[in-house]
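Undergrad: I have a structure I would like to understand better, so I am pasting it below and will then ask my questions one at a time.
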């Protein structure tokens, strides 16, 4: 049996009764976190552009544009809502051979669940399924070093989760994977050099294509097979050969990968999270950042390659580059004692004092730290003061990691912070409550209505 068929069989068989209480609780928190990130990004320029395009497809639409009462086609809703969740770089992460952001699947699941009239329980199954599939693929093979974006794995996870919600047969689910994966591969250039707005929309586009592929499969369209094992397939062209023991996937007492994903405490690329914590500790020890003459950041290979190797990271011109820049993130944490949404504003990016301080920052890989990755994602920051003193701080695991998890209260506070000024009246609290009760709901209508942004 081909891999696409085995994945389809798993997707088809997964049921709500297979989910543990623990994974249901965590899935609801991931929904809450994702909606918070989305509503928090509602008024950002790239999100507004995507929403304007989606609104042009409103006539006859079946899925809500998040934050509004308007509907669009289900694949366009997956796209615009997906961009909203991802744009602030505040949604969750999974780090393995390949990094990824599995909550990127949630907007597609919500759009299809609404369009198909599915229940809250159906939504939870689809989300847990999508996380399991994407994370297991991330465990199996590193594709970023081969020049491919991690969202390629989302073509599989979002297609199968969407197809599950559409009620596709095992054969149709396999065809959805064949169509989606063959036809929509994304290059890693999206995360290299000066980053563009597309950084936040790459997975959104993958999920749009995945939903469309599932719709095609439902109508009887077939796709290239075997899409993984074929002579011109994914193994030979993209990932290299790997194996997946689908029988070991979550369910029937086995732990789900969703429980091993990482929630972000700060709105920045995940490999920089420990650098923020270390920089904040140093700031307290130093007291006056003006006394710092040199900042050394020793990090692991993934952080160095993604956040600290390219010259653009020392002079970021876009928000997307800045939240993927170790020099910038460390500089701002030291200078301001915080990392928040305003850290990446245009005035902060262009501040001459910030640019000048970044010239003092040196980033290099520490092979010993790389050897501990991804079990640890340590950053060690050392500063030299004007009197010659040297102070160093190292943080191995950030808040929000499964080894140092955020509490439900912390995630709810993050949600309130992101949505409180955007949703009118008590809608933020109502949305929070509806998410935490989602398994008891027959549809998503009330939740989506509670997320309508004030004019």
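Undergrad: Taking Cα atoms, how many degrees apart are the long axis of helix 154-166 and the longest axis of the chain, rounded to 10 and kept between 0 and 90?
TA: 40
Undergrad: Exposure proxy check: 2, 266, 328 ranked by fewest other beta carbons within 10 Å?
TA: Lowest to highest Cβ neighbour count: 2, 266, 328.
Undergrad: If we sort 303-313, 194-204 on the protection proxy, mean other Cβ atoms within 10 Å, highest first, what's the order?
TA: 194-204, 303-313
Undergrad: With Cα extents along the principal axes in Å as the read-out, I listed (1) 99, 53, 39; (2) 66, 61, 42; (3) 72, 54, 40; which label goes with the value calculated from this structure?
TA: So the calculated entry is the one marked (3).
Undergrad: While we're here: Suppose R0 equals 51 Å; then what is the FRET efficiency for residue 247 and residue 55 from their Cβ-Cβ distance, rounded to the nearest 0.05?
TA: 0.70
Undergrad: Sort 122, 288, 351 so that the residue with the fewest other Cβ atoms within 10 Å of its own Cβ comes first and the one with the most comes last.
TA: Listed from fewest to most nearby Cβ atoms, that is 288, 351, 122.
Undergrad: Please work out the C-alpha center-to-center distance from region 13-88 to region 285-313 and express it in whole Å.
TA: Between the Cα centre of region 13-88 and that of region 285-313, the gap is 34 Å.
Undergrad: Moving on to the next point. Roughly what angle does helix 326-336 make with the longest principal axis of the chain, taking Cα atoms, 0 to 90 degrees, to the nearest 10?
TA: Once rounded, the angle reads 60 degrees.
Undergrad: Something else about it: With both partners inside region 270-395, how many of the DSSP beta bridges are antiparallel, as a percent to the nearest 5?
TA: DSSP beta bridges in region 270-395 are roughly 70 percent antiparallel.
Undergrad: 7 Å from Cα along Cα→Cβ at both residue 198 and residue 350: what's the point-to-point distance in nm?
TA: Here the answer is 2.6 nm between the modelled labels.
Undergrad: As a footprinting exposure proxy, order 314, 148 by other Cβ within 10 Å, with the fewest listed first.
TA: 314, 148
Undergrad: Which length gain, in nm to one decimal place, applies between residue 370 and residue 139 when the Cα-Cα distance is subtracted from 0.36 nm times their residue separation?
TA: Here the segment from residue 370 to residue 139 would lengthen by 81.5 nm.
Undergrad: Still on this structure, I have one more. Take each of the peptides 109-120, 16-27, 243-254, average the number of other beta-carbon atoms within 10 Å over its residues, and list them starting from the highest.
TA: 109-120, 16-27, 243-254
Undergrad: Of all DSSP beta bridges in the chain, what percent run antiparallel (nearest 5)?
TA: Roughly 80 percent of the beta bridges in the chain run antiparallel, per DSSP.
Undergrad: Could you work out how far helix 202-218 tilts from the main Cα principal axis of the chain, as a 0 to 90 degree angle to the nearest 10?
TA: Approximately 10 degrees, to the nearest 10.
Where a number appears in this text, it was derived from the coordinates with a stated rule and is not lab data. What you see is a predicted model; the values in this text were computed from it and never measured. Cβ: placed from backbone, ideal geometry, glycine included. Neighbour counts: every protein chain shown.
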